[in-house]
Amino acid sequence: MIRIYILIVVLLCAVGVSASDPEEVHATNDTSLVHYKVESQVSFSDGKTPLWLNANKYGLSSLASTNGYLRASVVRSLQADSLRKWSLGYGLDIVGATHYTTHAFVQQAYVQLRWLQGVLTLGSKEYPMEMKNNRLSSGSQTLGINARPVPQLRLALPDYWNIPFTHGCLQLKGHVAWGMLTDANWQQSFTQGVQKHGKDILYHSKAAYLRLGSGKATAPFSVELGLEMATLFGGNLCLGMEDGTLKYQQMGTGLKAFWNSFVPGGADPGEGQYENVEGNHLGSWLIRLNYNTDQWYCGLYGDHFFEDHSGMFLLDYNGYDGGENYLQKKDDRYYMYKLKDMMLGLEVRHKKGRWFRSLVLEYLYTKYQSGPFNHDHTANIPDHLAGIDDYYNHSLYPGWQHWGQVMGNPLYRSPIYNDDGSIYVKNNRFAAVHLGLEGAPATQWRYRMLATWQEGLGTYDEPYTKKHHTMSVMVEADYHIMPGWLLRGAYGMDFGHILGSNAGFQFTLCRSGVFQARKKGKKL
């Protein structure tokens, strides 16, 4: 491992002398501007890699006690043509790794085309979380940064756009995308082909965000509202039958299936008399209140996760007949659910601070899940309470995960932790308190600290015999050795029953800069 790390450092040095440092380039609209980054990382742990050395890294992580990677990327940002009506961008990000789920893979590969403020992207790209601090938050519950990117075709309005005739007080942004998961071989290997898994599973996501107020220091107050929704559909699923055998089921992949992923409807094959919508649908309602000045920023936010209409609208039809007619609607009667499950957060930033730059405090509660009662009405029980939502899991699909990592908040215990070969989130009912803190005491130095306490109950179907607790902490420091060079060191720990007892170090060395076409008579 030491020899590999020395080789990586030599490669970084070789690349470093062949391009300009970022500080040497001042033309932000030069069409030849291409950024590069070469990065190496090694982790050493007693037990598994601790949570905050593993989570929220776009799936670029491993639980193995010793692991590492060498990563190289080139990116042409859309900002290179920011003064034009259109712009072209692209990125290629490749990884060679040891003790990962795969030894070599493409983390990102995409092309982008912008026309005015709309952006069309084709390929696999890392997208940041919306309305949350990407360095300090525990993570979004729907569209998070914990799993590998999904290759997709994505049409987006990435920045807030002023809605006409609102005098700049109302802005809108969002996206719609379709793609396909790439972990079919991993699912087959992880389950050894004897438990539920799938291949060629299709992916859909969409989101809309509305902001009231400009968000500028001259008008410090603003409110943001958001809706994020996602769907897994299609593909070929390997399902467990009641007699213990496995059955392959081809799911819908036609135009109707794509439409049902966009507007929930239809039904999956094999659901029987209790047909739901086609695919695995989920999402979040988001809200954020902002106060922004030249020196301080303060934000309060909420993220309410839902798996179906009982969680999305907190209301469900409950007027079915009984006996032989139990599937027929009879009365004008509804059941209202409680608003219990929620992420609540506070973010404070001191824009001119040194030791203290940003703080995030979050509380998560997911124990309710529309209640523990029967999911569907029967001939003998006409009440339709539709509880036991089983967050991130699904009766047919492997659940809201990619390459073993949940695609939302990593406090939902990812399937990659399972030692029984099941692609199943085994702890989705929990309460947690999370703290994130960062600062920059000197020009070359920056630090970050994360600490999370969690109390878990397991799931409704497979509850823990008693409450389990876990504490996860991380301390990280960045040092800019010289222009374009970054050295990062981190120490993390887990102790408790949910993730086990783990402790480890992680070291990262990064070289970044800009490739720029040379012009005669001019120095870069």
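How far apart, in nm, are the 7 Å Cα→Cβ label points at ASN380 and ASN185?
So the label points at ASN380 and ASN185 sit 5.0 nm apart.
Given the Cα atoms of region 343-410, and with Rh set as the inverse mean 1/r over their pairs in the Kirkwood sense, what is Rg to Rh to two decimals?
Working: Rg = 19.6 Å, Rh = 15.9 Å.
A ratio of 1.24.
At a Förster radius of 45 Å, what calculated FRET efficiency corresponds to the Cβ-Cβ distance of ILE94 and LYS351, to the nearest 0.05?
Working: r = 36 Å, r/R0 = 0.80.
About 0.80, to the nearest 0.05.
Would you list the P(r) distribution for region 139-232, with all Cα-Cα distances sorted into 10 Å bins from 0 and each bin expressed as a whole %?
With 10 Å bins starting at 0, P(r) equals 14, 33, 26, 16, 8, 3, 0.
What FRET efficiency comes out for the pair VAL74/VAL194, r = Cβ-Cβ distance, R0 = 60 Å, nearest 0.05?
Taking R0 as 60 Å, the efficiency between VAL74 and VAL194 is 0.90.
If you count, for each residue, the other Cβ atoms within 10 Å and average over each peptide, how do 393-402, 100-109 line up from highest to lowest?
Output ranking for 393-402, 100-109: 393-402, 100-109.
Which order do peptides 436-446, 131-141 fall in by mean Cβ count within 10 Å, highest first?
131-141, 436-446
With all protein chains present, how much of the accessible area of region 371-524 (probe radius 1.4 Å) comes from carbon and sulfur, to the nearest whole percent? Spell out each step's value before the answer.
Details: 4030 of 6570 Å².
Roughly 61 percent of what the probe reaches on region 371-524 is carbon or sulfur.
Using bins 10 angstrom wide from zero, how does P(r) for region 407-522 break down, in % of all Cα pairs?
Here the calculated profile for region 407-522 is 12, 31, 25, 18, 10, 4, 2, 0.
Taking θ = phi - 60°, what integer Hz values does the Karplus form 6.51 cos²θ - 1.76 cosθ + 1.60 yield along region 442-451, in sequence order, with x for Gly and Pro?
So the J values, rounded to whole Hz, are 9, 4, 8, 10, 8, 10, 8, 10, 10, 9.
If the viscosity is 0.692 mPa s and the temperature 37 °C, what Stokes-Einstein diffusion coefficient in µm²/s follows for region 285-332 when Rh is the Kirkwood radius over Cα pairs?
The calculation lands on 225 µm²/s.
How big is region 427-480 along each principal axis, measuring the range of its Cα positions in Å and listing the largest first?
Principal axes ranked by extent give 51, 15, 13 Å for the Cα atoms.
Against the 2.2 N^0.38 Å scaling, with N counting residues, where does the chain land? I'd like the Cα-based Rg ratio to two decimal places.
Compared with the compact-globule rule of thumb, the chain sits at 1.02.
What is the spin-label model distance, in nm, from TYR363 to PHE313 if the labels are put 7 Å beyond Cα along the C-beta direction?
With each label placed 7 Å out from Cα toward Cβ, I get 3.0 nm.
Per residue, how large is the accessible surface of region 358-475? Use a 1.4 angstrom probe and give square angstrom.
Result: 36 Å² per residue.
Under 10 Å from the Cβ of LEU282, count the other residues' Cβ atoms, weight Lys and Arg +1, Asp and Glu -1, and hand me the total. Kindly include the intermediate steps, with their values, before the conclusion.
On the way: positive: none; negative: GLU228, GLU307, ASP308, ASP389.
Result for the local shell: -4.
Determine the relative contact order of region 264-399: mean sequence separation of Cα pairs under 8 Å and six or more apart, normalised by residue count, in whole percent. Kindly include the intermediate steps, with their values, before the conclusion.
Numbers: 269 pairs, mean separation 29.0, N = 136.
Across region 264-399, relative contact order equals 21 percent.
If you line up the Cα atoms of region 28-114 on their principal axes, what length do they span on each, largest first, in Å?
For region 28-114, the Cα extents along the three principal axes come out at 53, 21, 18 Å.
Measuring from centroid to centroid over Cα atoms, what is the spacing of region 406-432 and region 78-128 in Å?
28
Starting from the Cα of ASN134, step 7 Å along the direction of its Cβ; do the same at ILE163; then give the gap between the two resulting points in nm.
Modelled inter-label distance: 2.7 nm.
Kindly write out, for region 93-105 in residue order, the coupling ³J(HN,Hα) from the Karplus curve 6.51 cos²θ - 1.76 cosθ + 1.60 (θ = phi - 60°), rounded to whole Hz, with x marking Gly and Pro.
Using θ = phi - 60°, the values come out as 9, 10, 9, x, 9, 10, 6, 10, 5, 9, 7, 8, 7 Hz.
For GLN117 and VAL223, what is the calculated FRET efficiency with R₀ set at 25 Å and r taken between the beta-carbons, to the nearest 0.05?
Efficiency computed from Cβ-Cβ geometry: 0.70.
With the convex hull built on the Cα atoms of region 367-457, state its orientation-averaged projected area in nm².
Projected over every direction and averaged, the Cα hull of region 367-457 covers 8.9 nm².
Just to confirm my numbers, what's the Cα centroid distance between region 340-357 and region 280-320 in Å?
19
Averaging over all projection directions, find the projected area of the Cα convex hull of region 222-380 and quote it in nm² with one decimal place.
Details: hull surface 58.3 nm².
For region 222-380, the mean projected area of the Cα convex hull comes to 14.6 nm².
Give the accessible surface of region 189-299 per residue, rounded to a whole number of Å², with probe radius 1.4 Å and ligands, DNA and RNA excluded.
Accessible area per residue: 49 Å².
If the viscosity is 0.890 mPa s and the temperature 25 °C, what Stokes-Einstein diffusion coefficient in µm²/s follows for region 81-123 when Rh is the Kirkwood radius over Cα pairs?
202
Per-residue HN-Hα couplings for region 464-476, Karplus 6.51 cos²θ - 1.76 cosθ + 1.60 at θ = phi - 60°, whole Hz, x for Gly and Pro?
5, 5, 8, 4, 10, 10, 8, 10, 10, 9, 8, 10, 9
The values are calculated or read from the model by the stated rules, or taken from the named source; none is laboratory data. This is a predicted model, so every value here is computed, not measured. As a convention, Cβ positions derive from the backbone with ideal geometry for all residues, glycine included, and neighbour counts pool all protein chains shown. Note: accessible area is taken over every heavy atom of the protein model, side chains too, but ligands, DNA and RNA are not part of it. Shrake-Rupley method; radii C 1.70, N 1.55, O 1.52, S 1.80 Å.
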